[in-house]
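Report on one structure; see the data block that follows.
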Amino acid sequence: MIRVPHIVAHRGASIEAPENTIAAFRVAQARGVNWIECDVTLSADDQCVLIHDDTLERTTNGSGPIHHHDLATLRNLDAGAWFSDIYKGERIPTLSETLDTLAALGMGVNLEIKPSGCDAMKLAREVAREIAHRKDVPILLSSFDQDVVAIMDALCPDLDCGWLVEDIPADWKAEYARLKASALHVDHKQLTAEKCAEITGDNVPLICYTVNDPDRARDLLSWGVSSIITDNPALMTTVIPPIR
Ligand code: G3P
Ligand code: MG
């Protein structure tokens, strides 16, 4: 399993800057964190772009489903003004632009493959095509979509892919093995010391989201969680060394 630091900035430093933008990734690094999580999906013309929601309304000045718009249209939208005037003009990043930026900054990425209504297998193939030959950015893949997790082992055999869950299924061990996943990424609200011991006792790396309370983060790390995904890296790094 690729080495991921204790603190990973969720969608970038999303408490301080517009999520899933280059600005948010730069702020994360300025706060001393050198790994970010971000969400990748497809435009109508099958280009890999970063955005969390299925639709444009919440985080851009556009409207409608992401997958109904081609890259040129998406790139003309403002993805920063909704958050603050300071970030007016920020764009929806492409995956390749993101990887170029992270490489230049010396940062790593947990790339969440998020179909959000597009063809999941096509998304998996396009992501694999873009990242296959990139050795300049440490990458950990992840997805809630079990079909995506299962196929990434074949598409990107050199990369790890975590299985994202909200609730931990009763049969998680068998499914984890079937998917050939490399880590379990769990909503931290599902975790207790006992549950963490059960998971890590099976040598399954455990990553959790989205933790914004430093006391909770300290508990989770003491229970064997290897990385905390947080909106607020500035606060987390005041109490937890990010470990580079
Ligand atoms: O990858 C962790 C977390 O980002 C999963 O949930 O909805 O924030 O993408 P979401
Ligand atoms: Mg995500």
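Annotations
- Within the straight-line cut-off of under 13 Å between alpha carbons, the aspartates and glutamates reachable from LYS189 are GLU166, ASP167, ASP213, ASP219, sequence neighbours fewer than 8 places apart in one chain being disregarded.
- What the phi angles of the range 159-167 give under the Karplus curve with 6.51, -1.76 and 1.60, with θ = phi - 60°, is a coupling list of 10, 7, 9, x, 9, 8, 9, 8, 9 Hz, glycine and proline written as x.
- Within a Gaussian network of the chain (alpha carbon springs, distance under 10 Å), most fluctuating of ASP231, ASP202, ASP213: ASP202
- Backbone phi angles across the range 204-210, fed through the Karplus curve with coefficients 6.51, -1.76 and 1.60 (θ = phi - 60°), yield HN-Hα couplings of 9, x, 10, 10, 9, 10, 9 Hz in residue order; Gly and Pro are listed as x.
- Its relative contact order, with pairs defined as Cα atoms under 8 Å and 6+ residues apart, puts the range 81-220 at 16 percent.
- Using every pair of distinct Cα positions in the range 140-201, the Kirkwood expression returns a hydrodynamic radius of 11.9 angstrom.
- Among beta bridges identified by DSSP and lying wholly in the chain, the antiparallel ones come to about 15 percent.
- Cα centroid separation, the range 106-156 to the range 214-236: 25 Å.
- Partner aspartates and glutamates whose Cα lies under 17 Å from the Cα of LYS180, excluding those fewer than 8 positions away in the same chain, are identified as GLU112, ASP145, ASP147, ASP153, ASP158, ASP160, ASP171, ASP202.
- Close amide H partners of HIS69, meaning residues 5 or more places away or on another chain with modelled amide H under 5 Å apart, are ALA44.
- Working note: Cα atoms of the range 50-155, range along each principal axis, descending, whole Å: 42, 32, 22.
- Between GLY108 and TRP35, ILE36, the built amide H atoms are under 5 Å apart, and every one of these is 5 or more places off in sequence or on another chain.
- GNM result for the chain, Cα springs below 10 Å: residue of SER43, SER182, SER222 fluctuating most strongly: SER222
- Surrounding net charge for ALA104, when Lys and Arg each add one and Asp and Glu each subtract one, Cβ distance under 12 Å: -2
- Relative contact order of the chain, pairs being alpha-carbon contacts under 8 Å that are 6 or more residues apart, as %: 22
Quick note: the coordinates plus some simple rules give every number you see, no bench work behind them. All of these numbers come straight from a predicted model, not from anything done at the bench. So basically every Cβ, Gly included, is an ideal-geometry build from the backbone, and we count neighbours across all protein chains shown.
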